[in-house]
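Colleague: For reference, the structure I am asking about is given below.
The values are calculated or read from the model by the stated rules, or taken from the named source; none is laboratory data. Treat the numbers as computed from the prediction; the structure is a model and nothing was measured. All Cβ positions, glycine included, derive from the backbone under ideal geometry; neighbour counts span all protein chains shown.
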Amino acid sequence: MTLNLVVLPGDGIGPEVTKAAEDVLSAVCKGAGLELKMSHHLIGGIAIDETGNPLPEETLAACADAQGVLLGAVGGPKWDGGSVRPEQGLLRIREALGLFTNIRPVRVFEGLEHLSPIKNAAGLDIVIVRELTGGIYFGERQEGDEVASDLCTYSAEEVRRVVAPAFEIAKARNGKLTSVDKANVLASSRLWRRTAEAVAKDYPEVTLSHALVDAMAMHLVTHPNDFDVLVTENMFGDILSDEAAAVSGSIGLAASASLGAPGTPGLYEPIHGSAPDIAGQGVANPSGAILSAAMFLRFGAAREDLASQIEAAVESALKAGVLTRDLGGDANTEEITSAILERL
Ligand code: NAD
Ligand code: IPM
Ligand code: MN
């Protein structure tokens, strides 16, 4: 069997962390007798520099043909203020590939509780399901000198198609789903809540509860262990997933899978950005990218066994104390990657 993966390293630490993920994927596939074909393409700031377009047609065509896409990160101060932004490349690829479901798991591994900045994070194991192709990110936008606006629109179908997989994930775990909204203020949130209630009828084995996003931000640091699966709209999910990742120890640990219709290629990327403050130093934590590669094996290649193998190796390397700077250690990207490779 051959796996066909497109790699989009992007900007800043993007190429540093995707390189580590590629090395781990190559090693795992070799061990399993799988042929892994990887091709590299442009996205983000580097794509603007070379083609004027943050998502060149050629890149999109390659992604549409692949079994999965591994992305590093896009953006950086160099392109801030320009009329074309690197981030537009990322938004366009999510939209073009129809990646409406973004799965962002966050865990605190046993023995690694000390990495969390809060004292009651032991055993944390949650999954944030973020809507990824709707809401304020994709609504009508107006940008004037004195007035600007971004419209948040959701259709019931857009809510249904992301809430349903969240129920499926909850059903396969502890049967607990929390839908996060701002229904006390926003009409789009009231539609979200009503729709989630309607979908719940198809999942009698799952208990659905609702939380307002401001309170949820608080709960995530006061008693994160009360939660299992969260589902929420695009921007709330963006913010809460950075917060949850920080609670687990570092944003450098957090992985994600962005999925669309069954049988179409998914996008696998760490949730962090291009980290301009540490780019080029070889010190980025590649764990989020490596764990995203594991998610590719799980969802894009149906190889749960190989995904678990990578996850166990990452967990073991961290437990052995091979920690990058973001986790309070002094290992560099190469050292943690080698420690993970040794444990496969
Ligand atoms: P960021 O996630 O890049 O960095 C926030 C902080 O976390 C920084 O101090 C950084 O050094 C640290 N950090 C992030 N990833 C790390 C890692 N793997 N290892 C160690 N430390 C890590 O967020 P930002 O600084 O707000 O954004 C920088 C740029 O990245 C912006 O242009 C933004 O638009 C872009 N961005 C891109 C993506 C993406 O491509 N998916 C995601 C978020 C932000
Ligand atoms: C993320 C990022 C992106 C988002 C940006 C870079 C467009 O923050 O993947 O979380 O807001 O979705
Ligand atoms: Mn984000």
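Colleague: Anything in the stretch 56-77 that is buried (at least 16 other Cβ atoms within 10 Å of the Cβ) and over 18 Å from ARG94 (Cβ atoms)? List them, or say none.
Modeller: GLY76
Colleague: Regarding GLU243, is this residue touching a residue at least 24 places away in the same chain (Cβ under 8 Å), within 29 Å of ALA312 (Cβ to Cβ) and within 16 Å of ligand 3 (Cβ to nearest atom)? Full working, then the answer.
Modeller: Details: touching a residue at least 24 places away in the same chain (Cβ under 8 Å): yes; within 29 Å of ALA312 (Cβ to Cβ): yes; within 16 Å of ligand 3 (Cβ to nearest atom): yes.
Yes; evaluated as a whole, the condition is true for this residue.
Colleague: Looking at the stretch 257-272, is at least one residue over 25 Å from ALA156 (Cβ atoms) and either more than 19 Å from the chain's Cα centre (by Cα) or away from ligand 2 (no atom under 15 Å from the Cβ) (or both)?
Modeller: yes
Colleague: Is it the case that some residue within the stretch 125-148 is without any contact (Cβ under 8 Å) to a residue 40 or more places away in the chain, acidic (Asp, Glu) and either within 16 Å of ligand 3 (Cβ to nearest atom) or within 24 Å of ALA293 (Cα to Cα) (or both)?
Modeller: No, that holds for no residue.
Colleague: Something else now. If you check THR264, THR222, which single one turns out to be under 23 Å from ASN184 (Cα atoms), out of contact with any helix residue (DSSP H, G or I) (no Cβ under 8 Å at 6 or more places or on another chain) and polar (S, T, N, Q)? Walk me through how you get there before you give the answer.
Modeller: Numbers: THR264 fails: under 23 Å from ASN184 (Cα atoms).
After applying the criteria, what remains is THR222.
Colleague: Among the residues of the stretch 172-184, is any under 30 Å from PRO262 (Cβ atoms), buried (at least 22 other Cβ atoms within 10 Å of the Cβ) and over 20 Å from the mean Cα position of the chain (by Cα)?
Modeller: Scanning the stretch 172-184 turns up no residue that is under 30 Å from PRO262 (Cβ atoms), buried (at least 22 other Cβ atoms within 10 Å of the Cβ) and over 20 Å from the mean Cα position of the chain (by Cα).
Colleague: Identify all residues within the stretch 135-160 that are among the hydrophobic types (A, V, I, L, M, F, W, C) and away from ligand 2 (no atom under 15 Å from the Cβ); write none if there are none.
Modeller: Taking the stretch 135-160 as the starting set, the residues that turn out to be among the hydrophobic types (A, V, I, L, M, F, W, C) are 136, 138, 147-148, 151-152, 156, 159.
Hits for the stretch 135-160 are VAL147, ALA148, LEU151, ALA156, VAL159.
Colleague: Moving to a separate point now. Out of all the residues in the stretch 61-116, which are within 15 Å of ligand 3 (Cβ to nearest atom) and charged (D, E, K, R)?
Modeller: Answer for the stretch 61-116, where residues must be within 15 Å of ligand 3 (Cβ to nearest atom) and charged (D, E, K, R): ARG85, GLU87, ARG94, ARG104.
Colleague: Could I ask something else about it? So if I check each of GLN67, GLN88, which one is within 12 Å of ligand 1 (Cβ to nearest atom) and either touching a Pro at 6+ places or on another chain (Cβ under 7 Å) or not assigned by the TED database to the domain that holds GLU233 (or both)? Can you show your working first?
Modeller: Working: GLN67 fails: within 12 Å of ligand 1 (Cβ to nearest atom).
Result of the check over GLN67, GLN88: GLN88.
Colleague: If a residue must be over 18 Å from GLU243 (Cβ atoms), away from ligand 2 (no atom under 12 Å from the Cβ) and not acidic (Asp, Glu), how many such residues does the stretch 273-286 contain? Quick ask: steps written out before the conclusion?
Modeller: As a first pass, look at the stretch 273-286 and keep what is over 18 Å from GLU243 (Cβ atoms): 274, 276-284, 286.
Checking the rest, the ones that are also away from ligand 2 (no atom under 12 Å from the Cβ) come to 276-284, 286.
Imposing the further condition that a residue be not acidic (Asp, Glu) reduces the set to 276, 278-284, 286.
Qualifying residue count, the stretch 273-286: 9.
Colleague: Just to be sure before I move on: is ALA339 surrounded by fewer than 23 Cβ atoms within 10 Å (Cβ to Cβ), more than 16 Å from ligand 3 (Cβ to nearest atom) and within 30 Å of GLY98 (Cβ to Cβ) in the structure I sent? Give the derivation first.
Modeller: Working: surrounded by fewer than 23 Cβ atoms within 10 Å (Cβ to Cβ): yes; more than 16 Å from ligand 3 (Cβ to nearest atom): yes; within 30 Å of GLY98 (Cβ to Cβ): no.
Criteria not met by ALA339.
Colleague: Does ILE251 satisfy being within 16 Å of ligand 2 (Cβ to nearest atom) and either within 21 Å of PRO117 (Cβ to Cβ) or surrounded by fewer than 24 Cβ atoms within 10 Å (Cβ to Cβ) (or both)? Step through it out loud before you land on a result.
Modeller: Numbers: within 16 Å of ligand 2 (Cβ to nearest atom): yes; either within 21 Å of PRO117 (Cβ to Cβ) or surrounded by fewer than 24 Cβ atoms within 10 Å (Cβ to Cβ) (or both): yes.
So ILE251 fits the description; yes.
Colleague: In the list GLY300, GLY288, GLY329, which residue meets the criterion of being out of contact with any Lys or Arg (no Cβ under 8 Å at 6 or more places or on another chain) and surrounded by fewer than 22 Cβ atoms within 10 Å (Cβ to Cβ)? Outline the logic, then answer.
Modeller: On the way: GLY300 fails: surrounded by fewer than 22 Cβ atoms within 10 Å (Cβ to Cβ); GLY288 fails: surrounded by fewer than 22 Cβ atoms within 10 Å (Cβ to Cβ).
Step by step, each of GLY300, GLY288, GLY329 is checked, and only GLY329 is out of contact with any Lys or Arg (no Cβ under 8 Å at 6 or more places or on another chain) and surrounded by fewer than 22 Cβ atoms within 10 Å (Cβ to Cβ).
Colleague: Examine the stretch 285-305 for a residue that is within 17 Å of ALA27 (Cα to Cα), more than 12 Å from ligand 1 (Cβ to nearest atom) and part of a loop (DSSP other than H, G, I, E, B), and state whether such a residue exists.
Modeller: Narrowing the stretch 285-305 to residues within 17 Å of ALA27 (Cα to Cα): 286-287, 289-298, 301, 303-305.
After this cut, where a residue has to be more than 12 Å from ligand 1 (Cβ to nearest atom) as well, the list is 293-298, 301, 303-305.
Then drop every residue that is not part of a loop (DSSP other than H, G, I, E, B), which leaves 301, 303.
Yes, there is a match, as at least one residue in the stretch 285-305 is within 17 Å of ALA27 (Cα to Cα), more than 12 Å from ligand 1 (Cβ to nearest atom) and part of a loop (DSSP other than H, G, I, E, B).
Colleague: Residue under question is SER274, and the condition is that it be touching a residue at least 12 places away in the same chain (Cβ under 8 Å), buried (at least 23 other Cβ atoms within 10 Å of the Cβ) and touching a Lys or Arg at 6+ places or on another chain (Cβ under 8 Å); does it hold?
Modeller: On the way: touching a residue at least 12 places away in the same chain (Cβ under 8 Å): yes; buried (at least 23 other Cβ atoms within 10 Å of the Cβ): yes; touching a Lys or Arg at 6+ places or on another chain (Cβ under 8 Å): no.
No.
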